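Only one structure is covered here, and it is reproduced in the block below.
The values are calculated or read from the model by the stated rules, or taken from the named source; none is laboratory data. These numbers were taken from a predicted model, which means no experiment stands behind them. Positions of Cβ are generated from backbone atoms using ideal geometry, with glycine treated the same way; all protein chains shown enter the neighbour counts. Please note that ligands, DNA and RNA were not included when accessible areas were found on the heavy atoms of the full protein model with its side chains. Shrake-Rupley method; radii C 1.70, N 1.55, O 1.52, S 1.80 Å.
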Amino acid sequence: LVITDLYTDVAGTSSFTVTLSESDASIEEVIVTAAQIQTITTASGPSKSFTLEDITDMPSTQRQIRDVIRVDPRISLGETGDGGDQSGAISCLGGSSRTNSFTVDGVRATDAFGLNLSGNLSRFTFPIPFDTVEAAAVEFSPVSVEYGQFAGCNINVVTKSGGNEFHGGGFYLFNDDGMTGENVLDDKFPQGTFERENYGFDVGGPIIKDKLFFYAAYEKFETASVNSVGAADDSSFAQNRTSLTLDELDQVRNILINQYDRDPGDIVRNLPVESERIFARFDWNINDDHRLEATYSSVEEATTIQDDIEPPGSRGLFTFSDNFHARGSDSETYALRLYSNWTDNLSTEVRYSTQEVTDIQNPVGGGEAIDPVPKPRIAISAFGVASEFFGQDFVSGPGTFRSANSLATEKDQLKLKFDYQVGDHLITGGFEYETLDVFNLFIIN
């Protein structure tokens, strides 16, 4: 008797019945052949799980899990733009994205400080390469002693692992202004020049067959959004709210260079956006009862955004490149997980991870108060007195909120857990410990 094509999903188990006859009384051995998969077991309560087939079949314009889980009507998403600053908000049942829990293989990858609308440790990208994801689940109100430290929903993804067969893949996506239209409802919209590239690869296989496996993935994204605010008489920009003309700006620039010995940079048209993500995983089947997983992931991301330029609808302000700033984050996460079966009824899990995240908010032209050579902010106002925050017509130097700005977090997590099966009852217990070190410097104006 041979039973094939039996699958389990990330939210439960599959069962089947085998009926034996008297002629099968001589059976002495049952052989089970299966490929190892990664699963998510959700707690009691409303939830939604997504298999690898779901993730593969679902189109993702941003190559983030948010594009997949959005099919659940209890989830709503914030805008993403070109993947720039503060994009990627996920709202569960109308709650703030900052109150969610985001985990990768059970390791908390939530923003430890609370600045990011994405809710995870990266400003505007996904913490790991998208092709790394094997399965995902969203739990809205999990009823379990193992859950905590969130008020929104728990979003967990599990990653792929290597196997006895080598496997891999790659992709390359490209777009530029020459492949993009310039007319919207018969009106020409100047978009400037840009290129958008997204590429990556993943590979996995055995190091020691049946014993030790590896999996690795890499993804890079490079593009540029468009600065829409230009001089009063510069028709190549979509918005001309500033009161200064190109000739007046040229006068200001020459005065800054010749009298103040300061080069304010150039007129900004493109705002670069880039991210680089790396993931590596090793699986070791120590013996029939013990299994070890080790993972490493890193994110480097940065985008250039306006600093003192006011929002649409207000009196316009112009700045050269020295008033823009690069925003993003650098992070590294190491994790170890040991799963052990001590008896048929007793199993344990030991989990440890360490994570370092450095927030990036650096002025393009430098000159913060904490820099070796600080630069004062120079402002021009048509009213004669420039406001401390807004109301200027022109600004040069570090922005209002870049006077002195530095943020870094370091988080260590330890979890010890046991499960003991007693008849129809499962007893779960354990210990969880987390430390968070924060360095935050924030001085405005």
Largest-first ranking of T125, T245 by accessible area, probe 1.4 Å, whole protein assembly kept, is T245, T125
Heavy-atom SASA rank of M58, M179 (probe 1.4 Å, accessible area, largest first)
M179, M58
Accessible area (Å², 1.4 Å probe, nearest 10) - S26:
90
Could you tell me what % of all Cα pairs in the chain have separations over 43 Å?
27
Taking the convex hull of the Cα atoms, report for region 148-241 its projected area averaged over all directions, in nm².
12.2
In region 160-261, carbon and sulfur make up what percent of the accessible area (probe 1.4 Å)?
52
Among all stretches of the chain without exposed GluC sites (Glu not before Pro) (DSSP loop, at most 16 other Cβ atoms within 10 Å), which one is longest?
183-387
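Quick check for me: using +1 on Lys/Arg Cβ and -1 on Asp/Glu Cβ, what's the dipole size of the chain about its Cα centre, in debye to the nearest 20?
900
Excluding G114 itself, what net charge comes from residues whose Cβ is under 14 Å from its Cβ, given Lys and Arg +1 and Asp and Glu -1?
+2
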For the chain: lysine pairs with Cα atoms under 23 Å, gap of 8 or more or different chains, count?
5
Under the Karplus curve 6.51 cos²θ - 1.76 cosθ + 1.60, θ = phi - 60°, whole-Hz ³J(HN,Hα) for region 416-422, x wherever Gly or Pro sits
10, 9, 9, 10, 10, 8, 10
Accessible-area ranking of H425, H325, largest first, probe 1.4 Å:
H425, H325
Projecting the Cα atoms of G119, V138, F102 onto the charge dipole of region 101-162, where Lys and Arg contribute +1 and Asp and Glu -1 at Cβ, the residue farthest towards the positive end is G119
Under a Cβ-only charge scheme (Lys and Arg +1, Asp and Glu -1), can you give me the dipole magnitude of region 184-236 about the Cα centre, in debye to the nearest 20?
500
Contact order normalised by residue count of region 173-257, Cα under 8 Å, 6+ apart, percent
20
For region 59-215, take N as its residue count and report Rg(C-alpha) divided by 2.2 N^0.38 Å.
1.25
Separation of the E434 and I286 label points, Cα + 7 Å toward Cβ, nm:
2.6
Kindly provide the helix-only [θ] at 222 nm of the chain, computed as the sum of -39,500 (n - 2.57) over DSSP H runs of four or more divided by all residues, to the nearest 500 deg cm²/dmol?
-1500 deg cm²/dmol
Taking Cα atoms, the helix 246-258 axis meets the longest principal axis of the chain at an angle in degrees (rounded to 10) of 90
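Please compute the contact order of the chain in relative form: average sequence separation of alpha-carbon pairs under 8 Å and at least six residues apart, divided by the residue count, as a percent.
10
Could you work out the local net charge near G430, counting Lys and Arg as +1, Asp and Glu as -1, over the other residues with Cβ closer than 11 Å to its Cβ?
-1
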For the chain, the charge dipole (Cβ of Lys, Arg +1; Cβ of Asp, Glu -1; about the Cα centre) points to a positive end, and the Cα of T61, P398, N270 closest to that extreme belongs to P398
Region 337-445 - Debye-derived log10 I(q)/I(0), Cα point model, q = 0.16 Å⁻¹
-0.82
